[in-house]
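Below is one structure; the comments refer to it alone.
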Amino acid sequence: MMLRQAAQALSRRLPTTARRSSPSFLATSSSVGIDNFVLTPVNLQSKRDIWVWGSPPSSSSSNRRGFADAVVDHEVTHDSHWSQFPMAPPDPIIGLTEAYLKDDFPDKVNVGVGAYRCDQGRPFVLPVVREAENELVAEELDHEYSGIAGCPNFVDVALKFAYGDDCVPLKENRVAGVQTLSGTGGLRVFGEVLHQFGHKHIYVPNPTWGNHIPIFTNAGLEVRKYRYYDNATSNLDFSGLLDDLQAIPEGSCVLLHACAHNPTGMDPTMEQWKQISNVAKERNLLPFFDCAYQGFASGDARKDAAALRMFVEDGHNIALVQSFSKNFGLYGQRVGALSVVADTPDEAKRVLSQLKVHIRPSYSNPPRHGARIVSKILSSEKKTDDF
């Protein structure tokens, strides 16, 4: 309501709501004149407005003071800016953890999150992680910002960890890589990049990690599903998987779990991965690997990376997101990497530039401590073996 309208409305209420008084008042820029009188707000608080109604001050008066005939003191009800916010449902996984923490049952067990725990159910820090962390503390490093793409040494060792030291695209500088906020951040960044450059949808296995769907939806992609697991037989629905991949529009992006499929734990055999690779080649599909459990799945980091390495050897220009939360037990450090295999070094540079364009307005640059721990371990052959 405009101030003049408010003044007129209040003026009609004066006979019943005004308290007669004779104070002087200071006119303000928000005063409104009505028929030789003014209505002036003199005390505006969060829920109470006090208006002075009286004769206008003389224009020649130096202090601009007038004579009040009445004071209107009334309650003003303002809705909270957040009053229309509904209660959102709890996250099914995090909500389970919250319920677990509130439960006072002594023999409780939380099987909702894949995480290292000791026999007493408390978080377990890998000895090699603790060793690396102690060495970093002794080095008294600074806390300077990392670059948009993260810590270069971390990115280098992370990519070698996944692709292998003998990976041809790595040796030819054809892999664009950045540090991300664990796997979740990498998924979101790549989803945004896909959407910007023409992809309207992404195909994910049914079922898949619950957070995949809102991540890609919020990035602007329509999430579609392909068959993966047969609940009736508790086994991989491989024929249905292949049929759906063959029916997917050419050029589509397909999300693949590199190992330890979440939530089923059911992975294709290497022979089946080969068939998937062949179909992806025929349909010119873009394989996007989510690798959250390398080393955690089988105990052998090389074995857990075998499928994605085979796709690269088969000539696919894959995209890969890595998380170091589960395998290194660095859950709260948010350590991850996103990489894309390109045709040429120049193409890789251009892809890298686009990844950085999306990272900068999102979280600017990633944290350093967890990345330094991973770098310390994977830069040492002994520590890597210990891991």
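Tabulated values for the structure
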read-out: Any pair with Cβ under 6 angstrom, 6 or more apart, that starts in region 220-245 at a residue that is in contact (Cβ under 8 Å) with a residue 40 or more places away in the chain and ends at one that is part of a helix (DSSP H, G or I) and open to solvent by less than 80 Å² (accessible area, probe 1.4 Å); value: Leu245/Val279
read-out: Options Leu126, Leu96, Leu136: the member that is at pLDDT below 95 and within 21 Å of Ala305 (Cβ to Cβ); value: Leu126
read-out: Residue among Asp244, Asp300, Asp290 that alone is of a type in the set (Asp, Glu) and at pLDDT below 95; value: Asp300
read-out: Identity of the residue in region 368-387, in contact (Cβ under 8 Å) with a residue 12 or more places away in the chain and among the charged types (D, E, K, R), that ends up most open to solvent (accessible area, probe 1.4 Å); value: Asp386
read-out: Tally of residues being surrounded by 14 or more Cβ atoms within 10 Å (Cβ to Cβ) and closer than 29 Å to Ala337 by Cβ across region 98-111; value: 1
read-out: Selected residue (criterion: least open to solvent (accessible area, probe 1.4 Å)) from residues of region 230-275 that are under 24 Å from Gly198 (Cα atoms) and assigned to a helix (DSSP H, G or I); value: Leu245
read-out: Leading residue by the ranking (most open to solvent (accessible area, probe 1.4 Å)) among those in region 130-186 that are in a helix (DSSP H, G or I), polar (S, T, N, Q) and touching a residue at least 24 places away in the same chain (Cβ under 8 Å); value: Asn153
read-out: Residues within region 326-353 that are open to solvent by 50 Å² or more (accessible area, probe 1.4 Å), within 19 Å of Phe289 (Cα to Cα) and either touching a helix residue (DSSP H, G or I) at 6+ places or on another chain (Cβ under 6 Å) or free of Cβ contacts under 8 Å to residues at least 60 places away in the same chain (or both), tallied; value: 1
read-out: Failed criterion for Asp79 (all others in (1) modelled with pLDDT of 55 or more; (2) over 30 Å from Ser375 (Cα atoms); (3) surrounded by 10 or more Cβ atoms within 10 Å (Cβ to Cβ) hold); value: (3)
read-out: Output for region 291-324, where each listed residue is under 17 Å from Val155 (Cβ atoms) and part of a loop (DSSP other than H, G, I, E, B); value: Gln294, Ala305, Ile318, Phe324
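The values are calculated or read from the model by the stated rules, or taken from the named source; none is laboratory data. Bear in mind that the values here come from a model prediction, so they are computed numbers and not experimental data. Ideal geometry is used to build each Cβ from the backbone, glycine not excepted, and the neighbour counts take in all protein chains shown. Calculation scope for accessible area: heavy atoms of the full protein, side chains included, ligands and nucleic acids excluded. Shrake-Rupley method; radii C 1.70, N 1.55, O 1.52, S 1.80 Å.
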